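Following: one structure in structure tokens, then a few remarks.
Read-outs: derived from the displayed coordinates by stated rules, not from any lab. Please read these numbers as outputs of a predicted model, since none were measured by experiment. Here the Cβ positions follow ideal geometry from the backbone for every residue, glycine too, while neighbour counts run over all protein chains shown.
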């Protein structure tokens with residue numbers, strides 16, 4: 001009998017977890033040809049999420065929990081789930097029900113009967129999402145696909161079911177600065193996409209602010225593309241050539257027309273503009289250097305404070 005690991009990162013999901021458990025169990029009961037282990041990852045929640053997890057695990061042997069010592073972020077929670085999964089299949093799911101458990105039977109059927117290594121989900125609509133957020137999200141997907149090797153599908157969710165070979169490949173990519181949507185696309189493997197309409201949260205509030213999503217998008221671009229660095233270099237070359245041509249122009253104008261003193265306001269604006277571009281380019285290079293700095297320190301992705309699962313590495 002094949003084993004399926006379901007990895008559920010949780011941050012302040014005390015309200016949603018019981019509802020998620022009830023809905024997921026309904027689906028699991030129809031899939032009695034598989035054994036399931038649900039890994040609830042507590043990412044340093046500040047509400048009663050951990051207590052709810054313990055209660056669920058005490059009443060249902062399918063559930064195990066891993067609790068971090070602090071909030072390390074969803075990427076670390078997903079990585080912890082992958083590292084501590086041992087089934088034939090593994091899936092990432094959110095506890096807020098925006099990843100419908102009802103899709104699991106179709107996903108398992110696809111992997112069993114078709115030549116795919118993973119089945120991923122994508123939203124075909126963004127109903128209920130702020131329009132400005134949807135606009136930036138769509139353009140982010142277009143941008144990152146143009147400037148990087150990562151194949152990130154518009155509307156893609158983290159909710160996907162993968163075979164063991166693909167999970168092992170993800171675990172092998174032990175980089176500290178993680179962008180899982182890019183990693184899923186970069187490692188390849190055959191992926192089938194299931195489309196579904198957007199589903200609103202069943203309880204609680206989203207933990208992703210606009211600024212948080214913006215920083216996450218910037219991290220994704222930096223992790224999978226050198227284009228920003230190339231643009232900074234290209235801009236520097238262009239401005240150097242342009243300034244050299246201007247020097248020649250000024251010399252010729254002085255020889256022909258003399259040297260009238262004029263244009264001080266425009267000169268000041270140009271100096272400020274060039275200085276701004278320099279700081280921008282330094283900032284871009286600084287982001288890459290900062291990412292490198294975090295990688296070479298080799299800090300753990302997460303630290304486990306407590307768990308009811310056997311053989312969990314407390315620091316990874």
Quick check: Cα centre of segment 94-120 to Cα centre of segment 52-71, how many Å? 23
With each pseudo-label sitting 7 Å past Cα toward Cβ, what's the residue 113-residue 297 distance in nm, one decimal? 5.0
How much FRET efficiency would the formula 1/(1 + (r/R0)^6) give for residue 195 and residue 27, where r is the Cβ-Cβ distance and R0 is 25 Å, rounded to 0.05? 0.85
Fewest-first sequence of 253, 157 by Cβ atoms within 10 Å of each Cβ: 253, 157
Taking the Cβ of each residue in 191, 46 as the centre, tally the other Cβ atoms inside 10 Å and list the residues starting with the fewest. 46, 191
Length gained if residue 316 through residue 270 is fully extended, taking 0.36 nm per residue and subtracting the Cα-Cα distance, is 11.5 nm
Based on the mean of other beta carbon atoms within 10 Å per residue, what is the order of 51-57, 294-300, most packed first? 51-57, 294-300
Sort 40, 239 so the one with the fewest other Cβ atoms within 10 Å of its own Cβ comes first. 239, 40
Full-extension gain in nm, residue 70 to residue 238, via 0.36 nm per residue minus C-alpha separation: 55.8 nm
